[in-house]
Amino acid sequence: MITMETDLQRRKMADDSEEDEDLCIMDEGDLYQGDQDMVARKTTSDAADLWTTLKKMLFVIGSAIIIFVALRNSLTYHLQHVWGASGNFWQQQWDRILYTFGDDPFVLMVYGTTVVTFLVYWGAGGLYTLMDVFNKPAFLRRYKVQPGTNEPVETYRLIKCIFWVNFNQIIIGIPFSMGAYYLMTLRGYDQSPHLPTFGWVLFELIGCILLEEAGFYYSHRLFHHRLFYKRFHKMHHEWQSPISITAIYSHPLEHIISNMGPVFLGPLVFGSHTATIWLWCSMVYLSTLNAHSGYHLPFFPSPEAHDFHHLKFNQCYGVLGVLDLLHGTDDKFRASKCFSRHLMMLSLTPPREAIPDVDPNAKVIKCKKL
Ligand SMILES: [Zn+2]
Ligand SMILES: [Zn+2]
């Protein structure tokens, strides 16, 4: 009886090992079971790709506007009806700021913008940093774009990052804002004590988003040129798996040309009100903090594209993705699983679990016997 069982087991093991020999060892670049989507996507035309990206861009802008409108309306509603604030809530807040800090346009533009962006950066970025330093709450690690990285973050690198970010915000940022104020005054801008209408703010924000995309994409690509990369942009790429506050961890010259410059284009073109500039800068900082966070959280815009840029260096230079598609600088990204995950997750399932690197249900591809 024992002998029979052993024979059976031996035969089964022999069958298994024969089957193993039939399996291919895949070389890099070969088709593997997780690549079926990638092949299907490659057969689509450039026009279809462009349309898909445009739709995604509209979705991103649309979502941002809807969230902005919803937040504004619900905040206004709650403040007015629950806390008894009066009808013109936002104007009242602006009046209060003018009453407290004065209505000097220089102070509001230069120091006001610096303080507002500083608070937004370290408020939101600080929360992400706490997650990275203490590695808690543990369940959020399931949402990591690059699992196993910065868990926890190295102290020395973190301190170096905090130092340079502060340097850029204060030593570089304040003189930049002074120059910006001078240019805005030359151009002429809205210094009225009355806030612009909601519709006009929305219009300006859309213009700012598009101008920033162009400014950031081309200046960023320029910094990847071999003449400039090593001296300037390499610093930002020290973080192959970024954390939130590395968003403006960059060479000061790059911070001026590629970070602050493109953000300032919109307000300069439109002659925006200082309050609109505060709102726009806060939106930009929240967006770039999320893009560098290393976490793809549910109901947050996808950070996959810029994270992929840090991982692979020569892909996904833009923010919205349209210029990357037009210039073909996102081909590897589009052929990766990261692209399949590049969407706002509307459920609590982590993107890496919803769309795993290798599909567990896919059939293993075998080589034909010659
Ligand atoms: Zn770069
Ligand atoms: Zn970056």
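Summary of values
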item: Given (1) assigned to a helix (DSSP H, G or I); (2) within 13 Å of the chain's Cα centre (by Cα), index of the condition Cys316 fails; result: (1)
item: Odd one out for Phe299, checked against (1) part of a loop (DSSP other than H, G, I, E, B); (2) at negative phi; (3) not small (Gly, Ala, Ser); result: (2)
item: Considering residues of the range 148-183 that are over 22 Å from the mean Cα position of the chain (by Cα) and of a type in the set (Gly, Ala, Ser) only, the residue nearest to Met131 (Cα to Cα); result: Ser177
item: Search result, residues across the range 246-269 that are closer than 22 Å to Val110 by Cα, within 15 Å of ligand 2 (Cβ to nearest atom) and not aromatic (Phe, Trp, Tyr); result: Ala247, Ile248, Ser250, His251, Glu254, His255, Ile257, Ser258, Asn259, Met260, Pro262, Val263
item: Per-region count, the range 289-320, residues within 11 Å of ligand 2 (Cβ to nearest atom) and acidic (Asp, Glu); result: 1
item: Matching option when the condition is assigned to a helix (DSSP H, G or I) and under 30 Å from Phe106 (Cα atoms), among Leu211, Leu227, Leu222; result: Leu211
item: Condition check for His220: within 23 Å of Ile159 (Cα to Cα) and modelled with pLDDT of 95 or more; result: no
item: Verdict on His194 being farther than 20 Å from His309 by Cβ and surrounded by fewer than 19 Cβ atoms within 10 Å (Cβ to Cβ); result: yes
item: In the range 153-169, the residues that are loosely packed, with under 15 Cβ neighbours inside 10 Å and closer than 13 Å to His236 by Cβ; result: Lys160
item: Residue within the range 270-288 that is within 11 Å of ligand 2 (Cβ to nearest atom), more than 18 Å from Ala214 (Cβ to Cβ) and in a helix (DSSP H, G or I) present; result: no
item: In the range 248-269, residue farthest from Thr113 (Cα to Cα) [restricted to those that are among the small types (Gly, Ala, Ser) and assigned to a helix (DSSP H, G or I)]; result: Ser258
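The values are calculated or read from the model by the stated rules, or taken from the named source; none is laboratory data. The shown structure was predicted, so the numbers you read here are calculated from the model rather than taken from an experiment. Virtual Cβ from ideal backbone geometry, glycine too; neighbours counted across all protein chains shown.
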